[in-house]
Amino acid sequence: KLLVDLKNVGKVYPNGTIAVQNANLEVTEGEFLCFVGPSGCGKSTIFNMITGLTNHTEGDLSVLGTTPFQARKQNEIAFVFQEHTLLPWTNLLENVTLPLKLRGVPKKTRMEEGARVLELVGLKDYMKVLPRQLSGGMKMRVSIARALISRPKLLLMDEPFGALDEITRQTLQDELLGIWQKDKSMTVLFITHNVFEAVFLSTRVVVMTPRPGKIAEIIDIPHPFP
Ligand code: ADP
Ligand code: ADP
């Protein structure tokens with residue numbers, strides 16, 4: 001099943017910057033793709049086009065069989081960023097269930113789903129804790145839990161572990177792989193500057209080059225997982 005399909009996709013910003021040129025990429029369900037490349041090679045622009053935050057200016061782009069805008073409206077796409085965007089004055093359960101609350105999901109379901117995702121990231125004993133009481137790694141786990149609560153088909157992560165120390169980063173890499181392996185229908189797109197991280201995590205690595213931003217190479221990674 002084809003989840004993301006870029007055909008000769010390009011992006012020229014209004015100021016004339018050619019951020020992405022001639023990108024071709026087919027992502028099938030259940031893949032874990034890492035995007036690597038120097039700053040300015042168009043990684044964020046590709047993510048922003050896939051999620052409909054910015055429009056593509058060349059080529060054809062379909063996401064989950066429809067337009068990025070429609071796919072996002074159907075709550076099938078979730079994001080995780082490096083900077084956690086947790087609400088500081090509400091506890092973890094309220095933080096992770098916020099996307100459901102905004103959609104009017106009844107409280108009982110919200111609480112059940114909140115407990116489910118906090119358990120997934122190993123934080124079920126911290127439901128009533130405030131974010132500021134947590135370490136950086138734990139805050140990232142909460143951000144991941146909040147992204148997972150809508151059971152997204154497509155999870156986009158932009159340098160999520162970039163600010164973490166090496167040990168915490170490796171722990172979270174293992175945990176993320178565990179979560180991804182459990183749910184065979186979830187596809188992950190992941191930006192990283194760390195080539196080791198890319199090779200460790202992904203089923204394919206997309207290597208990009210700047211000026212103008214292009215997909216230079218797509219490398220298959222033989223995965224040790226079933
Ligand atoms: P990163 O390498 O983490 O993607 P960037 O500095 O390239 O960080 O970009 C961060 C955000 O700032 C991007 O998502 C982009 O929308 C915006 N941005 C980057 N360069 C420009 C620019 N020249 N003009 C306007 N916005 C920009
Ligand atoms: P990366 O995420 O790989 O660092 P970006 O996608 O952020 O790369 O940026 C690709 C190119 O597009 C860069 O030259 C950047 O300065 C430029 N850019 C990004 N956002 C904007 C924007 N909103 N307006 C103009 N130029 C931008």
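The values are calculated or read from the model by the stated rules, or taken from the named source; none is laboratory data. Keep in mind the model is a prediction, meaning the values are calculated, not measured. Heads up, the Cβs are rebuilt from the backbone with ideal geometry, glycines too, and the neighbour counts pull from every protein chain shown. Surface areas here come from the heavy atoms of the whole protein model, side chains and all, with no ligands, DNA or RNA. Shrake-Rupley method; radii C 1.70, N 1.55, O 1.52, S 1.80 Å.
The condition of being touching a Phe, Trp or Tyr at 6+ places or on another chain (Cβ under 8 Å) and either away from ligand 1 (no atom under 16 Å from the Cβ) or within 25 Å of Gly16 (Cβ to Cβ) (or both) does not hold for Phe69. If only residues of the stretch 29-80 that are more than 16 Å from ligand 2 (Cβ to nearest atom) and among the aromatic types (Phe, Trp, Tyr) are counted, the one that is nearest to the chain's Cα centre (by Cα) is Phe32.
If Leu64 satisfies all but one of (1) at positive phi; (2) free of Cβ contacts under 8 Å to residues at least 40 places away in the same chain; (3) among the hydrophobic types (A, V, I, L, M, F, W, C), what's the number of the condition it fails? The one condition Leu64 does not meet is (2). Based on what the data block shows, is Leu100 within 16 Å of ligand 2 (Cβ to nearest atom) and in contact with a Lys or Arg (Cβ under 9 Å, 6 or more places away or on another chain)? Here the answer is no, as Leu100 does not meet what is asked. Residues in the stretch 41-71 that are open to solvent by less than 20 Å² (accessible area, probe 1.4 Å) and of a type in the set (Phe, Trp, Tyr): Phe47 alone.
Candidates Leu118, Leu177, Leu134, Leu155: the one that is closer than 21 Å to Leu33 by Cα and either crowded, with 18+ Cβ neighbours inside 10 Å or more than 18 Å from the chain's Cα centre (by Cα) (or both) is Leu155. For the stretch 1-40, the candidate set comprises residues that are part of a strand (DSSP E or B) and open to solvent by 70 Å² or more (accessible area, probe 1.4 Å); within that set, the residue that is farthest from Ile218 (Cα to Cα) is Ile18. Considering the stretch 78-109, the residues that are touching a residue at least 40 places away in the same chain (Cβ under 8 Å) and of a type in the set (Ser, Thr, Tyr) include one that is surrounded by the fewest Cβ atoms within 10 Å (Cβ to Cβ), namely Thr85. Considering the stretch 180-217, and only residues there that are open to solvent by 50 Å² or more (accessible area, probe 1.4 Å) and more than 16 Å from ligand 2 (Cβ to nearest atom), the residue that is modelled with the lowest pLDDT turns out to be Lys184.
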